[in-house]
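A.B. asks: Mind having a look at this structure? Questions to follow.
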Amino acid sequence: MSTTITKIGVFTSGGDAPGMNAAIRAVVRASIYYKKEVFGIMRGYEGMIEGDIVKLGARSVGNILQRGGTILKSARSQEFRTPEGRKKAFDQLKKHGIDALIAIGGDGSFTGLHHFFNEYGLPSVCIPGTIDNDIPGTDYTIGYDTATNTAVEAIDKIRDTALSHNRLFFVEVMGRNSGYIAINSGIAGGAGAIIIPEDHMTFEELYAILKPGEETAKKSNVVVVAEGSKIGGALDLARKVTERSSYFDIKVTILGHLQRGGSPTYFDRVLASKLGVAAVEGLLNGKQDVMVGILDNKISFTPFETVRSGIHAINEEDLRIAKILSI
Ligand code: F6P
C-alpha cells in the first residue's frame with residue numbers, strides 16, 4: 001500500500017442521499033485503520049473553497065450509520081466550476097496538508113473533481129451517492145434503494161385511497177433524467193402505467209391504456225411518472241387526460257424531496273460501507289481519477305472519463321415486465 005498519501009479529505013456534494021453517512025463512516029474508519037489522517041470537508045466544494053475543514057476520528061462518525069442526510073452537509077457550488085474557485089480550494093487543501101480526496105456524490109460532483117485532478121493532480125476517488133441511480137460504472141448508487149422503497153411505500157398508501165374513492169392518481173417520482181426509481185417503484189407498486197424518459201411511450205399510448213377503464217368501470221388506477229418524462233410531468237398528464245375525458249376523477253401526488261430523506265435501508269448501508277472501504281483501499285493502492293462502484297456484486301474502479309461519457313441504461317427487460325403486468 002502507498003505510503004505517500006498521509007491525509008485524506010472526504011466530502012459530500014450535490015443532492016444528498018440516504019446512506020451518505022454510512023459511506024462517510026466507512027471512509028473515516030478505513031482511513032484510520034490504514035493509519036492515515038482523515039478530514040471532513042463541509043458543504044462540498046463550497047467548504048473546500050472556504051477552508052471549512054475538520055479533523056475526523058473513528059468516534060466522530062459513531063451513531064451516524066443509520067441516519068439519513070449527511071453530517072458533512074452538501075451543496076452545489078458554482079464557484080468550483082471556475083479555475084479561480086478551484087485554485088482557492090487547492091490552496092485550502094494544501095494548508096491542511098490534504099494529499100488525496102474522496103468525494104461522495106453524483107455526476108456533477110465527479111466532473112468538478114475530474115477538472116481538479118487534471119489541474120492539480122491530487123489523487124481522487126469518487127463514490128456514487130445519489131438517489132437517481134443514473135451513474136454508469138456501478139449497478140447501484142447509494143440512496144437509490146432507500147428512495148425507491150420510500151416511493152413504493154407512498155404508492156401503496158396512495159393506492160388505498162385511490163381504490164376507496166375510485167380515483168386515478170398520477171404519482172411523480174424523482175430521478176432527474178433517469179427512470180430507475182419510476183420503473184422499479186412502479187413494478188413493485190403495481191402501477192397501471194409507468195412513464196419514464198428512456199421509453200418512447202406517447203400520450204396517445206398512455207391514454208389507450210387508461211381509456212378501457214371507461215368501458216370496464218375501472219376508474220381507480222395509479223400511474224407512476226418519472227420527473228424526467230418526455231411527455232410531461234404528473235400535472236401535465238393529469239391535465240391532458242382531463243381535457244380528453246371527464247370520466248376519471250384525477251389526483252396528482254408529487255413525492256419530491258421526501259424521497260431524499262430517511263434512514264437508509266440495509267442495502268444502502270452495506271453498499272455504502274463496501275464502497276467507502278474500497279475507495280480508501282483504492283487510493284492507497286494508487287487509484288486516481290476514478291469512481292468506485294459495484295458491478296455484478298464485485299467492487300470495480302472506472303475512470304472518471306468513462307463514467308462521464310456513459311449512461312446507466314434502464315434494463316429493457318424491466319420495461320417489458322412492467323408492460324406485461326400492467327394489463
Ligand atoms: O439528483 C438527486 C435529485 O433529487 C434529483 O432526483 C432531482 O431532480 C434533483 O436532485 C433535485 O435537486 P434539488 O434538491 O437541488 O432541487
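The values are calculated or read from the model by the stated rules, or taken from the named source; none is laboratory data. It should be emphasised that the depicted structure is a prediction, and the values quoted were computed from it without experimental measurement. All Cβ positions, even for glycine, are placed from backbone atoms using ideal geometry, and neighbour counts span all protein chains on display. We work out accessible area using only protein heavy atoms, side chains counted, and drop any ligands, DNA or RNA first. Shrake-Rupley method; radii C 1.70, N 1.55, O 1.52, S 1.80 Å.
Residue-by-condition table, conditions (1) of a type outside the set (Asp, Glu); (2) within 11 Å of the ligand (Cβ to nearest atom); (3) touching a residue at least 24 places away in the same chain (Cβ under 8 Å); (4) open to solvent by less than 30 Å² (accessible area, probe 1.4 Å):
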site	(1), (2), (3), (4)
Asn149	yes, no, yes, no
Arg159	yes, no, yes, no
Leu163	yes, no, yes, no
Phe169	yes, no, yes, yes
Val173	yes, yes, yes, yes
Ser178	yes, yes, yes, yes
Ser185	yes, no, yes, yes
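A.B. asks: On to the next question. Filter the stretch 140-177 down to residues that are within 23 Å of the chain's Cα centre (by Cα) and assigned to a loop (DSSP other than H, G, I, E, B) and give me whichever is nearest to His257 (Cα to Cα).
C.D. replies: The selected residue is Met174.
A.B. asks: Just to be sure, is Ala30 among the small types (Gly, Ala, Ser), in contact with a Leu (Cβ under 7 Å, 6 or more places away or on another chain) and either closer than 23 Å to Val277 by Cβ or within 16 Å of the ligand (Cβ to nearest atom) (or both)?
C.D. replies: no
A.B. asks: Okay, next question. For the stretch 78-117, which positions are buried (at least 22 other Cβ atoms within 10 Å of the Cβ) and of a type in the set (S, T, N, Q)?
C.D. replies: Ser109
A.B. asks: All but one of (1) more than 30 Å from Ser109 (Cβ to Cβ); (2) open to solvent by less than 50 Å² (accessible area, probe 1.4 Å); (3) in contact with a strand residue (DSSP E or B) (Cβ under 6 Å, 6 or more places away or on another chain) hold for Ser300, so report the exception by its number.
C.D. replies: Evaluating Ser300 over (1) more than 30 Å from Ser109 (Cβ to Cβ); (2) open to solvent by less than 50 Å² (accessible area, probe 1.4 Å); (3) in contact with a strand residue (DSSP E or B) (Cβ under 6 Å, 6 or more places away or on another chain) leaves (1) as the failure.
A.B. asks: Could you go through the stretch 29-51 and let me know if any residue there is among the small types (Gly, Ala, Ser), within 21 Å of the chain's Cα centre (by Cα), assigned to a helix (DSSP H, G or I) and farther than 17 Å from Arg269 by Cα.
C.D. replies: Yes.
A.B. asks: Whether any residue in the stretch 127-138 is touching a Gly at 6+ places or on another chain (Cβ under 9 Å), farther than 23 Å from Pro18 by Cα and either crowded, with 20+ Cβ neighbours inside 10 Å or assigned by TED's automatic domain parsing to the domain that holds Val252 (or both) is what I want to check.
C.D. replies: no
A.B. asks: Out of Val277, Val241, I need the residue that is outside the structural domain of Ile127 (by TED's automatic domain parsing), surrounded by 17 or more Cβ atoms within 10 Å (Cβ to Cβ) and on the phi < 0 side of the Ramachandran plot. Which one?
C.D. replies: Only one candidate qualifies: Val241.
A.B. asks: Considering every residue within the stretch 188-209, establish whether at least one is on the phi > 0 side of the Ramachandran plot and within 16 Å of the ligand (Cβ to nearest atom).
C.D. replies: No, every residue in the stretch 188-209 fails to be on the phi > 0 side of the Ramachandran plot and within 16 Å of the ligand (Cβ to nearest atom).
A.B. asks: When you go through (1) within 21 Å of Ala103 (Cα to Cα); (2) open to solvent by 20 Å² or more (accessible area, probe 1.4 Å); (3) within 16 Å of the ligand (Cβ to nearest atom) one by one for Ile254, which number turns out not to apply?
C.D. replies: Going through (1) within 21 Å of Ala103 (Cα to Cα); (2) open to solvent by 20 Å² or more (accessible area, probe 1.4 Å); (3) within 16 Å of the ligand (Cβ to nearest atom) one by one, Ile254 breaks only (1).
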